[in-house]
1. Just check segment 149-264 against the gyration tensor rule for me: Cα atoms, a ≥ b ≥ c as the square roots of the eigenvalues, rounded for a/c under 1.5, and otherwise prolate or oblate depending on whether a/b exceeds b/c.
2. Please list Leu105, Leu285 from largest to smallest accessible area, probe radius 1.4 Å, with all protein chains kept in place.
3. Using a 1.4 angstrom probe and counting only protein chains, how large is the accessible area of Lys234 in Å², to 10?
4. Ranked from the most accessible area to the least, with a 1.4 Å probe and all protein chains present, what is the order of Glu73, Glu278?
5. Please give the length that would be gained between Arg96 and Gln206 if that part of the chain were fully extended, namely 0.36 nm times their separation in residues minus their C-alpha to C-alpha distance (nm, one decimal).
Amino acid sequence: MLWDGQRHDCNAFGQSLEWPRFRMDHSAGQNNMDRFHLINTFVAVVDANGFAGAARKLSMSPPAVTRAINELESHLGLRLLTRTTRTVRVTEAGERYVQDCRRILMEMAEADESVSGMHASPRGRLTLTAPVLFGGLYVTPIVTEYLTRYPQVNATCIFLDRVVNLMDEGIDVAIRIGELRDSSMQAMRVGQVRRLVCAAPEYLAQHGMPLTPEDLHQHTIVASNSSSTSPEWKLQDRGEPISIRLQPRMTTTTNDAAMMAAVNGFGLTRLLSYQVAEHLKAGRLQTVLSDFEPPALPVHVVHREGRQASQRVRAFLDLAMDRLRGDPRLH
């Protein structure tokens, strides 16, 4: 892309940036790298954690990658990367600038898709994330149906019990459980889940049914996904929130493990309704303290592409919202 004239923009810090003049002549085209090329190279270096990896990804020579980064840093008047003989690290300025670069590249890709007619036929790679159990139970069937319907799309599913930053990690779509913190994302509510205290009927027959939150102190507790040996279970008493600090006999890093410990009659655990739905239905688990249950948590489908989402994202959103909103376990 060649520019004639001069343009002023702001970088990630609100500082005025003077875009370079690109004149419509051959020598200027040789002496000035294309703006898109510079930021694309910068993002590739960050993603590859080095110049050699970026060079391989872009089919460029390492010196060419180095020249591109040097020119971008010279133009901005900022150090974006710090280099040693072994590592390449992103500076604070680079961390903020790369987010803007990703957004620009994404918008340019969307524009290319639209003008080239790709919206008529979903294709490319869809990357999505969800909590581990939710991903296995709900998202995987939706993804397989989606891929069967659109054979020119591939999918990467990242199932983690942590909040993944969509922009930083290149995620197209996320399933989020709980109140949303990032208001910059596009979100569609598809249901809700409840936080349940439950145990196996055999355990309750032997140790008795807790009737109040304070009774939990007399029971064996299994805690999941807790970074503390004294977790707090947040409940509700006549509309007022309360917290019960407990000393679990067993703490696990996965919900699956806590659930199986409870199913096997070891003690009480607290999980989300979708996680224990099949065990409750089969009678392997039973809920307790239902009168003290806190408000339900919303379930949202979240994406980052805005109102001009690509067809592969839009097609998945439409299918996911239809399937999740129609699932009685999420109501």
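1. Working: a/c = 2.43, a/b = 1.91, b/c = 1.27.
Verdict is prolate for segment 149-264.
2. On the way: Leu105 30, Leu285 10 Å².
Ranked from most to least accessible, the order is Leu105, Leu285.
3. Using a 1.4 Å probe on the heavy atoms, I get roughly 110 Å².
4. Glu278, Glu73
5. Details: separation 110, 0.36 × 110 = 39.60 nm, distance 5.72 nm.
Additional length available on full extension: 33.9 nm.
The values are calculated or read from the model by the stated rules, or taken from the named source; none is laboratory data. Predicted model, so just to flag it, every value in this text is computed and none were measured. Keep in mind that these areas ignore ligands, DNA and RNA; they rest on the heavy atoms of the full protein, side chains included. Shrake-Rupley method; radii C 1.70, N 1.55, O 1.52, S 1.80 Å.
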